[in-house]
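Asker: Below you will find the structure I want to go over with you.
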Amino acid sequence: MRNTDQSSSLFWLVVAIGIVLLSMRYGVGTLHEPGPGFITFFAGAILIVLSLALFFSNFRDRADRSSLWSLWAGLETGKILYVILLLVAYIFLLKPVGFLISTFLLLVLLFRVKGSYRLKTVLLMSLLVTAGSYLVFEIWLKAQLPKGIFEGII
Amino acid sequence: MDILHHIFYGLSVALQPLNLLFCFIGVLIGTLVGVLPGLGPVAAISLLLPATFRASPVASIIMLSGIYYGAMYGGSTTSILVNIPGEAASVVTCFDGYQMARKGRAGPALGIAAFGSFIAGTLGVVGLAFMAPPLAAMALKFGPPEYFSLMVLGLTVLTFLAGGSMLKSLMMACFGVVVGNVGLDLMTARPRFTFGWDILLDGVGLVPVVMGLFGISEVFLNVEEKLSGREIFKTAFKGLLPNLRDWKESIWPIIRGSGLGFFLGILPGGGAVISSFVSYGVEKKLSKHPEEFGKGAIAGVAGPESANNAATAGAFIPLLTLGLPSNAVMAILLGALMIYNMPPGPRLITSHPDLFWGVISSMYIGNLMLLVLNLPLIGLWVKILKVPYPVLFPLILLFCLIGAYSLNNNPAEVGLMLIFGILGYLMKKFKYDGAPLVLAMVLGPLMDNSLRQSLLMSGGSGMIFFTRPICLVILGAVALILLFPALPLVSRVRKRVGESEGN
């Protein structure tokens, strides 16, 4: 059974090996003529050493035996996945549908993630926040939010 | 008096109506984000950064700085009233502040926190005005090898002070250097680590990274928690003014806290957080009644609150004189100055005196505003705290989404923020600190540049770092710091700080 530090150190080991390999492809160069991958190569190499050190130091230190899944015990992690899914959908809908509609829909769904408000309340809150943020960011700060299907109308 | 002349000049800049308005908006937003748990100064500043691009650089930096020290004020309010620190530097204030509130002395606790912060902020600004110019003059003599060594020192000190595992902090610093070097290589125009993603050609943007690591990740952590009702102390605010006895017990902690905070603030990495812990420890040691600490000792509020505010002033020193940020907030300000085409460094004071002295003087005025603003508005902040989290977190998410999108009207930036949000959430789960990553990311390209220039200067010999006296001293300090944690006493103290921060 690996503990949490060992699991995360393996993750960073893989990342670090990737960094080193890519840096070599970009060209490490020499001390006389450092290439584009010079500093990232060394940063990656040090990261390899450090993650190995973290992995092996946890064999010695037996105090922490908490397993990977204990980090999520008793938590509502499904809600995070749901929120991430909503945000990904928002990113893809923002341009084609426009700020006003996609934000309103996002807020309606987000307000219900942790709260148990009535639908009427949720709709009203979402409407107010969407309108308010549009006023502040688009009208006042001129942020040029995407208009989407309202292009040419507003 | 040259300094006085400069300060008067700075005041004339800071007192211009527009700059005053921006200062006011800054401290107001700062207090607000300080009050709201789950939205810290780092996220707030990166959020508002794109919005300031249309204002004058001086006004923008005045506002962004205002958010930073304003948040230190706001954080104490929630610590005292609800035992929830609004940001990390106010964790210590909970120990005695909340106990005072439970004894019906919330008023004096809030009062002394505000007055202490004001005095410390003022002393810090004076220190900044006196220390920055001579340091900048010295820094003019630095070449690429000195700068490279200084950046290595900065990152090392940061990983040492960050609390928690130094090994993990070093890992994050290495990863940060790589993230900072994503994009086109300036010398060969070859794309590095872009994976065919167009927005990465210009490098990974600081704003999406910071908002992801510090804003979105915090929301995720709160979303998975099962909600428990927050208890807000129902106490009548009779008299916010501390009485004479309170003052007598607090005045020395305030002065000591200011000094400690200022000097610890100069060092890279969590200056405000560390200094508040150190100040608390010092006051407990020096007190005639150490047994009262943790049960509502006013010195335990006055010292740390002063220390964290003085630290914010100290943190500006390395940025404005060397161009090296000492924490995540300063890293964003560095990014902002770059965008305004005013690269910070030893020449900033002479080339843009309006910016340097104007911002310093505005901090003084801002501290005054905070004092006036905070005492009567405490009732309002308490009301804001009552906004339930199910309503609050969609708002925080929305602000982050709009902030990332409006950087250059590209939904891909939002995607980048989301990726770093997920990474930040996992890093918090597995106890990795985000600050070294951000700092190394900002320093990464600068390090790359100065390292290559140094090697060019020496004709490819790494010995250049060991033959120049200033470099040698700096790198010697790096070696000492890396070996330091091996001492048993030091490792015990670091572990304690790490644990109390974790709580």
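Asker: Looking only at region A:136-154, how many residues end up being more than 25 Å from the chain's Cα centre (by Cα), within 12 Å of chain B (Cβ to nearest Cβ) and without any contact (Cβ under 8 Å) to a residue 40 or more places away in the chain?
Answerer: So the count comes out to 5.
Asker: Do we find a residue being closer than 22 Å to B:Phe220 by Cα, facing another protein chain (nearest Cβ under 10 Å) and surrounded by fewer than 16 Cβ atoms within 10 Å (Cβ to Cβ) anywhere in region A:17-32?
Answerer: No, there is no match, as no residue in region A:17-32 is closer than 22 Å to B:Phe220 by Cα, facing another protein chain (nearest Cβ under 10 Å) and surrounded by fewer than 16 Cβ atoms within 10 Å (Cβ to Cβ).
Asker: Ok, one more. So, in region B:148-197, of the ones that are of a type in the set (S, T, N, Q) and in contact (Cβ under 8 Å) with a residue 12 or more places away in the chain, which residue ends up farthest from B:Ala315 (Cα to Cα)?
Answerer: Restricting to residues being of a type in the set (S, T, N, Q) and in contact (Cβ under 8 Å) with a residue 12 or more places away in the chain, the top hit is B:Thr194.
Asker: Follow-up. Taking B:Gly460 and the conditions (1) in a loop (DSSP other than H, G, I, E, B); (2) closer than 30 Å to A:Gly132 by Cβ; (3) not β-branched (Val, Ile, Thr), which numbered condition does it fall short on, given that it satisfies the others?
Answerer: (2)
Asker: Would you pick out the residues in region A:91-101 that are buried (at least 18 other Cβ atoms within 10 Å of the Cβ) and either at pLDDT 95 or above or facing chain B (nearest Cβ under 7 Å) (or both)?
Answerer: The answer is A:Ile91, A:Leu94.
Asker: Another question about this same structure. Filter region B:428-441 down to the residues that are more than 9 Å from every other protein chain (Cβ to nearest Cβ) and surrounded by fewer than 22 Cβ atoms within 10 Å (Cβ to Cβ) and list them by number.
Answerer: B:Lys428 - this is the single residue of region B:428-441 that is more than 9 Å from every other protein chain (Cβ to nearest Cβ) and surrounded by fewer than 22 Cβ atoms within 10 Å (Cβ to Cβ).
Asker: Another question, if that's okay. Check B:Val414, B:Val391, B:Val387 and return the single one that is surrounded by fewer than 19 Cβ atoms within 10 Å (Cβ to Cβ), in a helix (DSSP H, G or I), in contact with a helix residue (DSSP H, G or I) (Cβ under 9 Å, 6 or more places away or on another chain) and within 14 Å of chain A (Cβ to nearest Cβ).
Answerer: Going through B:Val414, B:Val391, B:Val387 in turn, just one is surrounded by fewer than 19 Cβ atoms within 10 Å (Cβ to Cβ), in a helix (DSSP H, G or I), in contact with a helix residue (DSSP H, G or I) (Cβ under 9 Å, 6 or more places away or on another chain) and within 14 Å of chain A (Cβ to nearest Cβ): B:Val391.
Asker: Among A:Leu86, A:Leu110, A:Leu106, which is at the interface with another protein chain (Cβ under 7 Å from one of its Cβ atoms), farther than 24 Å from A:Phe11 by Cα, free of Cβ contacts under 8 Å to residues at least 40 places away in the same chain and within 19 Å of the chain's Cα centre (by Cα)?
Answerer: Result: A:Leu110 is the single residue among A:Leu86, A:Leu110, A:Leu106 that is at the interface with another protein chain (Cβ under 7 Å from one of its Cβ atoms), farther than 24 Å from A:Phe11 by Cα, free of Cβ contacts under 8 Å to residues at least 40 places away in the same chain and within 19 Å of the chain's Cα centre (by Cα).
Asker: So, B:Met369, is that one surrounded by fewer than 23 Cβ atoms within 10 Å (Cβ to Cβ), touching a Cys at 6+ places or on another chain (Cβ under 8 Å) and either within 13 Å of chain A (Cβ to nearest Cβ) or not polar (S, T, N, Q) (or both) or not?
Answerer: Answer is yes for this residue.
Asker: Let me ask another. I'd like the full set of residues that are at the interface with chain B (Cβ under 8 Å from one of its Cβ atoms) and either under 27 Å from B:Ala189 (Cβ atoms) or acidic (Asp, Glu) (or both), limited to region A:33-61.
Answerer: Result: A:Glu33, A:Pro34, A:Gly35, A:Pro36, A:Gly37, A:Phe38, A:Ile39, A:Thr40, A:Ala43, A:Gly44, A:Ile46, A:Leu47.
Listed here are the residues, each with its yes/no results for (1) surrounded by fewer than 24 Cβ atoms within 10 Å (Cβ to Cβ); (2) of a type outside the set (Phe, Trp, Tyr); (3) over 30 Å from B:Leu4 (Cα atoms).
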{"site": "B:Phe53", "(1), (2), (3)": "yes, no, yes"}
{"site": "B:Tyr68", "(1), (2), (3)": "no, no, no"}
{"site": "B:Gly75", "(1), (2), (3)": "no, yes, yes"}
{"site": "B:Ile84", "(1), (2), (3)": "yes, yes, yes"}
{"site": "B:Ser90", "(1), (2), (3)": "no, yes, yes"}
{"site": "B:Gly104", "(1), (2), (3)": "yes, yes, yes"}
{"site": "B:Ala113", "(1), (2), (3)": "no, yes, no"}
{"site": "B:Gly143", "(1), (2), (3)": "yes, yes, yes"}
{"site": "B:Phe148", "(1), (2), (3)": "no, no, yes"}
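The values are calculated or read from the model by the stated rules, or taken from the named source; none is laboratory data. It should be emphasised that the depicted structure is a prediction, and the values quoted were computed from it without experimental measurement. Don't worry about glycine lacking a Cβ; one is built from the backbone with ideal geometry, like all the others, and counts go over all protein chains shown.
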